[in-house]
Amino acid sequence: MKTAVLFSLGCRLNTADSALLVDRLERAGYRVADVHDPAVEPDLVVINSCTVTGEAARKSRQTARQFRRRWPGARLVATGCSAELDRAEWLRDGVVDAVLTNPAKRHIEEFSGLREPAPPEYSMAQPAELFREKAWGRFPYRSRAFVKIQEGCGNFCSYCIVPYARGPERSRDFEEVLADCRQALAAGMPELVLTGVNTAAYRDGERDLVDLVGALCRLPGEFRIRLSSTEPHPSNLRLLEIWRDNPKICRFLHLSLQHGADRILARMNRHYTVAEYARFVAAARAAVPEISLGTDVIVGFPGETDADFEASRAVIRELDFANTHLFRYSPRPGTPAASFPDRVPPDVVKKRYAALQRDAAAARKRFIRGRIGTEVPVIFEEVRADGFAWGWTDHYVQVRRPAGEFPLDRIVVLELREEDAPGL
């Protein structure tokens, strides 16, 4: 039997896509091995690339070169968002044997044995609003199931390349999502992570994300459901209503803010104000006690003045996020913001980033300290060389306990101690 390995860069949606690729490769006759296994000698290497920033695209191609040196006799296939948008660079490098765009990766069985420079082109033409993957997520080396429920984006934020890489918004067939989740639960997965470019945009006819989450909560078994990024849109307030009464839903919500000044949000083409966002946060905290709120923030967006930054910093402090992902703005060719004037000098961006980094770290510690002494559900995922089992609470606090104290890949309840939380 031939052997394949997959390496996924970037977002959770890429991880979900890779899980579907595992199923497709197994149907094509491959044994899918762990890419980190030093003894593996694959016949096929699939790189599921990222292009959310120019650096991510370069890292994807650099990974391909590393794999070519490591496995000179293997067939290398690049797919994902960088393969979609940076195809010319991939072909010019000449490192991989095939470049599959995002639509084409569903047909990897057809191309997995090619030695030609590239397969035929596939179009990113407007797809149907609903889609079916006709594959199941397989997770041979993971403790959580990343389940794809949605694809594409119609927001067109001025800094973001994703709508061009992923196409327009569409949702996965409701029944196929349920079937995929049943498969994951039957395989012993203790957590379902619902993924998409914007999961809040999910819709199959009259059924939306609330209906989907409700249906998943009614599935039998002991498991939990985690939502990936959602938008602070008023229609998503319905989600908070079912959250209160469903302990299977993790007390974790990632709401992307991006900036705390209305003037910059407008320049970013974000579709809310700071006040609207804050109202959503207040509603989430009222509905779900002890909820962990995460967010994304861009520092140094073109035109960001000292006043804009201080306003943004004040909002971030006030909202007191448990997780803040900070990004220095970097222009992505092909997006409107790449041509915006008034670039913020790099030394100013560095200083602002450091200030927000300190604030974010302090807020994170406050959240974790607030959980000390409480009982929390944890899934331990791996035993490391330090002799500890490492895992995550439902509100996304990383914890550790001595190996063997609790089983792996199962929900266990423990009282959180200060020594359990390395983030303090």
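The values are calculated or read from the model by the stated rules, or taken from the named source; none is laboratory data. Small disclaimer: the values here were computed from a predicted structure and weren't measured. We place every Cβ from the backbone using ideal geometry, glycine too, and count neighbours over all the protein chains shown. Accessible surface is based on the protein model in full, side chains and every heavy atom, while ligands, DNA and RNA are left aside. Shrake-Rupley method; radii C 1.70, N 1.55, O 1.52, S 1.80 Å.
Take the alpha-carbon centre of the range 359-419, take the same for the range 8-62, and report the distance between them in whole Å. About 28 Å separates the Cα centre of the range 359-419 from the one of the range 8-62.
What is the distance in Å between the Cα centroid of the range 279-323 and that of the range 216-272? About 14 Å separates the Cα centre of the range 279-323 from the one of the range 216-272. Our estimate of slack between Gln357 and Phe327, defined as 0.36 nm per intervening residue step minus the Cα-Cα distance, is 9.8 nm.
Mean sequence separation of contacting Cα pairs (under 8 Å, at least six apart), scaled by the length of the range 3-76, corresponds to a relative contact order of 37 percent. Cβ distances below 4.7 Å define possible disulfide partners, and in the chain the cysteines left without one are Cys11, Cys50, Cys81, Cys153, Cys181, Cys217, Cys250. Between Arg410 and Phe380, the built amide H atoms are under 5 Å apart, and every one of these is 5 or more places off in sequence or on another chain.
Restricting to bridges with both residues inside the chain, how much of the DSSP beta-bridge set is antiparallel, in percent to the nearest 5? Bridges in the chain are about 35 percent antiparallel. Asp37 sits with roughly 60 Å² accessible to a 1.4 Å probe, with DNA, RNA and ligands left out of the calculation. When the solvent-accessible area of the chain is split by element, carbon and sulfur atoms take up 51 percent of it, the probe being 1.4 Å. Within the straight-line cut-off of under 14 Å between alpha carbons, the aspartates and glutamates reachable from Lys248 are Glu191, Glu222, Asp394, sequence neighbours fewer than 8 places apart in one chain being disregarded.
Using helices alone, I'd like the mean residue ellipticity at 222 nm for the chain: each DSSP H run of four-plus residues gives -39500 (n - 2.57), total over residue count, nearest 500.
-10500 deg cm²/dmol
Its Cα centre serving as origin, the chain has a Cβ charge dipole (Lys and Arg +1, Asp and Glu -1) of approximately 700 debye. Express the relative contact order of the range 293-408 as a whole percentage, based on alpha carbon pairs under 8 Å and six or more residues apart in sequence. About 22 percent, as a whole number. Maximal additional length on extending the Glu206-Glu405 stretch stands at 67.0 nm, based on 0.36 nm per residue less the C-alpha distance.
Heavy-atom accessible area for His36, with the other protein chains in place and a 1.4 Å probe, reaches approximately 140 Å². In units of the rule-of-thumb radius 2.2 N^0.38 Å, the range 136-226 shows an alpha carbon radius of gyration of 1.14. Measuring from a point 7 Å past the Cα of Ile242 along Cα-to-C-beta, which residues in the range 206-221 have an amide N at less than 15 Å? Correct set: 206-220. Rolling a 1.4 Å probe over the protein heavy atoms gives the range 226-268 an accessible area of 39 Å² per residue. When you restrict to C-alpha pairs under 8 Å that are six or more residues apart and normalise by the size of the chain, the relative contact order lands at 11 percent.
With a probe of 1.4 Å, find how much accessible area the range 320-392 has per residue, and write the answer as a whole number in Å².
54
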